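The values are calculated or read from the model by the stated rules, or taken from the named source; none is laboratory data. Note that this is a predicted model, so its numbers are computed, not measured. For neighbour counting, all protein chains shown are included, and Cβ atoms are generated from backbone atoms with ideal geometry for every residue, glycine included.
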Ligand code: HEM
């Protein structure tokens, strides 16, 4: 099997552009979402698995909020400690993608907050502060271009043509990012802006960031004995035997003029980061094929006090359940 090369990058500097009106017809969103899952299959094939981020591992732990989180959002999630279910993953829809393949970037971290019977919030992140495209529609065009540009297709391929007109996507796909030493040694980004509302009704836009307590650690260029096709999942088991894995969860505070509808552009590094709490991951969950199939993250699951700001979230919220249904 060949893996299409999907590179990666850190979105460059920010621009200041006004946000757009996110209102859209639910019917149109459902149609676009179904189309996008089809586009993911065009790029990666159908494997009776997640349409993307197919290779993953599930862990469990707890989240402890800070007082600062309660000041920023009235979400009940921030009142007390809650259980979490975390799934780390590799990019692409290939369930057996080697961990040392550059196309396995970006790595994913999905978190469900709250008890299994009453989940409160799902956050689905990856380890780049950016995304290849501004909109879901452009993402679909990129996926179709990837699907139509396999071996034997004459240049300029549909992907060459797409990238020529989309420099951010070109940087995302052509810049190599180092493989993390562990899923626990890389930072993860929510990328899509959300709105936090406090008890007094004041709202502000934030973007999520999860920073590993172990520090960010990556392999250098060239071969390394620990860098192989399946190093990441066993590494987690070994790491947990020595103690829990921790991430600090931050809200990056948007300021007037920061983009709410363009995840391809990072907000300025100077924006304040408010610590919302700490994730403590202390055990592997059941990782049978059945439990991986059954676990469903819903980017639209948000409690009162947190709401989508980026319109891409509505498309994501509609697309994930389509993939879940298809893989059962
Ligand atoms: C229009 C944009 C996007 C679309 C259409 C899309 C679509 C999907 C779909 C269909 C799945 C599989 C769901 C399942 O079977 O459970 C998925 C999973 C995932 N996506 Fe996205 N996605 C988008 C944007 C993003 C962004 C911006 C991020 C990161 C910030 C992201 C990170 C992930 C991760 C980590 C998973 C795996 C979740 C898990 O472990 O179950 N996606 N996406």
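Taking the conditions (1) assigned to a strand (DSSP E or B); (2) over 30 Å from residue 140 (Cβ atoms) in turn, residue 196 satisfies each one other than (2).
Taking the criterion of being touching a helix residue (DSSP H, G or I) at 6+ places or on another chain (Cβ under 9 Å) and more than 16 Å from the ligand (Cβ to nearest atom), the residues of region 246-264 that qualify are 246, 253.
Would you mind stating whether residue 301 is under 22 Å from residue 120 (Cβ atoms), touching a residue at least 40 places away in the same chain (Cβ under 8 Å) and within 14 Å of the ligand (Cβ to nearest atom)? Yes: the conditions hold for residue 301. Selection over region 80-97 of residues that are touching a strand residue (DSSP E or B) at 6+ places or on another chain (Cβ under 7 Å) and more than 16 Å from the ligand (Cβ to nearest atom) gives a count of 3.
Residues that are within 16 Å of the ligand (Cβ to nearest atom) and crowded, with 22+ Cβ neighbours inside 10 Å within region 161-179 comprise 162, 169, 172, listed in sequence order. Here 310, 304, 261 are screened, and the one residue that is assigned to a loop (DSSP other than H, G, I, E, B), modelled with pLDDT of 95 or more and buried (at least 22 other Cβ atoms within 10 Å of the Cβ) is 310.
Against the numbered list (1) within 15 Å of the ligand (Cβ to nearest atom); (2) over 19 Å from the mean Cα position of the chain (by Cα); (3) outside any helix (DSSP H, G or I), residue 228 comes up short only at (1). The residue that is nearest to residue 68 (Cα to Cα), counting only those in region 266-298 that are touching a strand residue (DSSP E or B) at 6+ places or on another chain (Cβ under 9 Å), part of a loop (DSSP other than H, G, I, E, B) and away from the ligand (no atom under 16 Å from the Cβ), is 272. Just one of the listed residues (223, 234) is in a helix (DSSP H, G or I), away from the ligand (no atom under 16 Å from the Cβ) and without any contact (Cβ under 8 Å) to a residue 24 or more places away in the chain, namely 234. Per this entry, residue 114 is not counted among residues that are within 18 Å of the chain's Cα centre (by Cα) and closer than 27 Å to residue 245 by Cβ. Kindly indicate whether residue 158 is surrounded by fewer than 21 Cβ atoms within 10 Å (Cβ to Cβ) and closer than 19 Å to residue 191 by Cα. For residue 158, the condition - surrounded by fewer than 21 Cβ atoms within 10 Å (Cβ to Cβ) and closer than 19 Å to residue 191 by Cα - is not met. Residues of region 142-155 that are surrounded by fewer than 17 Cβ atoms within 10 Å (Cβ to Cβ) and in a helix (DSSP H, G or I): none at all. The set of residues in region 188-211 being within 16 Å of the ligand (Cβ to nearest atom) and touching a helix residue (DSSP H, G or I) at 6+ places or on another chain (Cβ under 6 Å) consists of 192 alone. Annotation note: Cβ proximity below 9 Å between a residue of region 111-136 that is free of Cβ contacts under 8 Å to residues at least 40 places away in the same chain and within 28 Å of residue 182 (Cβ to Cβ) and a residue that is more than 10 Å from the ligand (Cβ to nearest atom) and in a loop (DSSP other than H, G, I, E, B) (sequence gap 6+ or interchain) occurs for 114/120; 114/303.
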